[in-house]
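Readers should treat all values here as calculations from the given coordinates under stated rules, not as data from a laboratory. Predicted model, so just to flag it, every value in this text is computed and none were measured. Here the Cβ is made from the backbone with ideal geometry for all residues, glycine too, and neighbour counts use every protein chain on show.
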């Protein structure tokens with residue numbers, strides 16, 4: 001089992017003492033892409049955080065020692081990434097940005113912005129130089145009008161996540177039985 005090297009990631013999004021747990025996998029001009037780990041030591045998401053939001057990272061603590069152990073145990077037992085979300089990540093390095101990756105891979109993403117407390121979940125359907133167009137998706141299966149988001153306002157984008165994987169599969173299932 002290889003060493004996981006998790007870090008605690010503190011951001012301006014969580015002004016209290018809370019943090020995300022993850023492993024840095026790629027650095028882009030404006031974002032750092034992390035493999036985020038759940039409170040159960042399993043893969044939660046592959047998320048890109050705007051660099052300017054990160055206030056601190058911690059690489060050594062008893063908490064991290066524990067979660068490095070738990071993630072290794074989960075990897076050993078084949079439950080760390082049961083839906084093989086990470087298998088798509090290798091393609092990410094072929095793109096200049098996370099938006100084009102999500103667009104080409106037809107991924108359901110979650111976007112957080114600097115301008116609202118709302119998270120936007122859906123499939124990216126267009127990416128221009130300065131804006132993104134997202135087709136909203138949720139469990140209601142309603143086809144809402146696309147949303148336009150200024151690229152400069154994006155603070156976090158969950159590129160791959162368990163939640164969005166399940167939502168995507170649910171939409172596919174509903175389309176098949178309709």
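Each part gets one Cα centre, and for segment 74-104 versus segment 112-171 those centres are 18 Å apart. Between 57, 118, 110, the residue with the greatest mean-square fluctuation in the GNM of the chain (Cα pairs under 10 Å linked by springs) is 118.
The tail of the calculated P(r) for segment 56-115, taken as Cα-Cα distances beyond 13 Å, holds 74 percent of the pairs.
Over 5 Å intervals from 0, what percent of Cα-Cα pairs in segment 113-178 sits in each interval? Answer for segment 113-178: a P(r) of 4, 15, 25, 25, 18, 9, 4, 1 percent. Based on DSSP H segments of at least four residues, each scored -39500 (n - 2.57), the chain has a per-residue ellipticity at 222 nm of -6500 deg cm²/dmol. Ranked by the mean number of other Cβ atoms within 10 Å of their residues, highest first, the peptides 152-165, 64-77 come out as 152-165, 64-77. Once the Cα atoms are used to define both axes, helix 62-76 deviates from the longest principal axis of the chain by about 70 degrees.
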